[in-house]
């Protein structure tokens, strides 16, 4: 009977785990639709903003007039957009604060380590700006023997991204860029495809190149004509306002895509966990019933044998 008790306790334990995974699946399912809508609704705006910005840079250039006032790092668009020799790369890595999302964080970390390895082979150092507790925990020990360093950890962001979070990241990385601590800004994030899949992607955010909009508008028809733009009050002041807007929106959209991918991955992982738990419960129930039937049969045999002996 001790064996029966052990099997019964195991079934009870698996059922308790199944309740947790089922609850997590339902929570993720309730949030993923909203996150998916935000990510998909933001794509057209991001596309048009980046396309407009590319046209703006191609017409204006990046040389500001002497009277342009610079109060913060994101105002100095000349330094942000100017190309320079690359000795140190700043990479924004977007992971999650929570686990139990399948291989979501592992895939991002693996991609990040590969990028670091490629840069190190070119004698280029890497400075990491990591969003998410999981990314910090997983990368902190893996980069000890690599020419890479974690500069900022963004682990207190809420589950739902907002423009304020993106602005904090932009200001930190822009300050590092104009102070020559890093020479470029890149982003590693997950692009949401559907409920079952996502892509780990990376692209260079700064210095911005006019053809960078092609990364976003892969399926857009090529424009044959470009209209001449009239700027008021001045094209340089407008560009100074547009640069922070483009940077903030791009990172904000990356956060939206990452959140939708994370929730979809967690929902899929918890669904698979629930399925596995059900299968395990069925198998343990069969084993329990067989053991119980065997115990009952042995008791009957013992009773009959005793009666015959009497």
*What's the angle, to the nearest 10 degrees (0 to 90), between helix 2-60's Cα axis and the longest principal axis of the chain?*
10
*Looking only at 190, 17, 297, which one moves most when the chain is put into a Gaussian network model with springs between Cα atoms under 10 Å?*
297
*With the calculation restricted to Cα positions, what are the radius of gyration and Dmax of the chain in angstrom?*
28.0, 115
*asked:* With equal scatterers on the alpha carbons only and no solvent term, can you work out the Debye log10 of I(q)/I(0) for the stretch 106-166 at 0.16, 0.20, 0.23, 0.28 1/Å?
replied: -0.54, -0.78, -0.95, -1.21
_I need to check one value: relative contact order of the chain, counting alpha carbon pairs closer than 8 Å and at least 6 residues apart, in percent._
32
*Specify whether the C-alpha gyration tensor of the stretch 18-124 places it in the rounded, prolate or oblate class, a ≥ b ≥ c being the square roots of the eigenvalues: rounded for a/c under 1.5, otherwise prolate if a/b is larger than b/c and oblate if not.*
oblate
*Under 1.5 on a/c is rounded, so check that first for the stretch 1-62, then, if it is not, pick prolate when a/b is larger than b/c and oblate when it is not; a ≥ b ≥ c are the square roots of the alpha carbon gyration tensor eigenvalues.*
prolate
*Tilt of helix 163-178 relative to the longest C-alpha principal axis of the chain, in degrees (0 to 90, nearest 10)?*
60
*Just 40, 134, 19 to compare: in a GNM of the chain, with alpha carbon springs under 10 Å, which one fluctuates most?*
19
*asked:* How tilted is helix 104-121 with respect to the longest principal axis of the chain? Cα atoms for both, answer in degrees (0 to 90, nearest 10).
replied: 50
_What distance in nm separates the two pseudo spin-label positions at residue 146 and residue 26, each 7 Å out from Cα along the beta-carbon direction?_
4.0
_Estimated 222 nm signal from helices in the chain, with DSSP H stretches of n ≥ 4 weighted -39500 (n - 2.57), rounded to 500_ = -21500 deg cm²/dmol
*Round to a whole angstrom and tell me the spacing of the C-alpha centers of the stretch 43-112 and the stretch 277-310.*
68
_Listed residues 230, 95, 268, most fluctuating in the chain (Gaussian network, C-alpha, under 10 Å)_ = 230
*Using a basic spin-label model with each label point 7 Å from the Cα along Cα→Cβ, how many nm lie between residue 117 and residue 278?*
3.9
*Expressed as a whole percent, how much of the Cα-Cα distance distribution for the stretch 231-310 exceeds 21 Å?*
69
_Kirkwood Rh, angstrom, the stretch 65-204 [1 / mean 1/r, Cα pairs]_ = 16.0
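Quick note: the coordinates plus some simple rules give every number you see, no bench work behind them. Owing to the predicted nature of the structure, the values given are computational and were not obtained by experimental measurement. Glycine gets a Cβ as well: all are built from the backbone with ideal geometry, and neighbour counts include every protein chain shown.
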